[in-house]
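Worksheet: one structure, shown below.
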Amino acid sequence: MTKLGNGKKSKMHNTKHIIRRRGPLRDNTRCKKGFTLVELLVALSVSGIILAAVATLAYAMSSVNDSTDDTSRKQAQVRYTTLRLSELVRQCKLICFAGPDDFAVWRGDDNEDGRINASELVLVEKGSGGEHLQLCDFLVDGAGPEVALSDIRAYSTNWWVPLGLSIRRTVLIPQCSNVRLDVLPLDVLAVECRFVNVSFDLLENGFSRQYEISGYVRGWGGNLLNDARDGLVERDDD
């Protein structure tokens, strides 16, 4: 009987001991089921910082791409303008008129008749405010009507209208500033000049940059001018 009683007492003692050991384990498990308020606030703060950094980086990359695209477009315009103007001046026969806002060239005697035809004329114009640079030619069938040298005047006078000509404009540099058209030397008539310098400013990445385009008349047709230098002779030997 004594042994039996001692055995029961030992069992009960062991059971209590087991329950006492397992109690804290259940409590620890219950505590690990969620985050505390402080942990959530810290996580939200870190997430906000990361999202802000990502947004800033994305905006910076977008701005750089836009700036690069704008610069590339303007550089392409400059290259095209340089090619067109330098080739035009180099191959032309005469600079027919030169003013502060424009100049006109006889680009070549296509039909070899020794006359200036409308289809052979090209005007270079910068606008009264120097805000653009464009080429102008005339829409005609074939060579078009003959144009007297004395009829070619400033672009602003629309001198081609009385002649029944329609003009076509090709913008080379749409947005620029401080455009200068210098036909040199300045102290002689335009028809005797052989050098042209075009300069303008372009805004690139927030900074103004100046460009210059120069050309020299290699095929100068001065032998076709009359003595007064206000028209053409009929033939070279006149």
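Expressed in nm to one decimal, what extension gain is obtained for the pair Arg90 and Asp113 from 0.36 nm per residue of sequence separation less their Cα-Cα distance? The partial results should precede the final answer.
Working: separation 23, 0.36 × 23 = 8.28 nm, distance 2.07 nm.
Length gained, Arg90 through Asp113: 6.2 nm.
If Lys and Arg each add +1 and Asp and Glu each add -1, what is the summed charge of the other residues whose beta carbon sits under 12 Å from the beta carbon of Phe97?
Details: positive: Arg153; negative: Asp101, Asp102, Glu125, Asp151, Asp230.
Result for the neighbourhood of Phe97: -4.
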### Message
What does the extension gain come out to for Asn197 and Glu212, with contour length at 0.36 nm per residue minus their alpha carbon separation?
### Response
4.7 nm
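Take the Cβ-Cβ distance between Ala228 and Val188 as r, set R0 to 22 Å, and report the resulting FRET efficiency rounded to the nearest 0.05.
Values: r = 14 Å, r/R0 = 0.64.
Result of the calculation: an efficiency of 0.95.
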### Task
Would you order Asp230, Asp201, Asp141 from fewest to most other beta-carbon atoms within 10 Å of each residue's own beta-carbon?
Asp141, Asp230, Asp201
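Where a number appears in this text, it was derived from the coordinates with a stated rule and is not lab data. Being a predicted model, the structure only gives us computed values, none of them experimental. We place every Cβ from the backbone using ideal geometry, glycine too, and count neighbours over all the protein chains shown.
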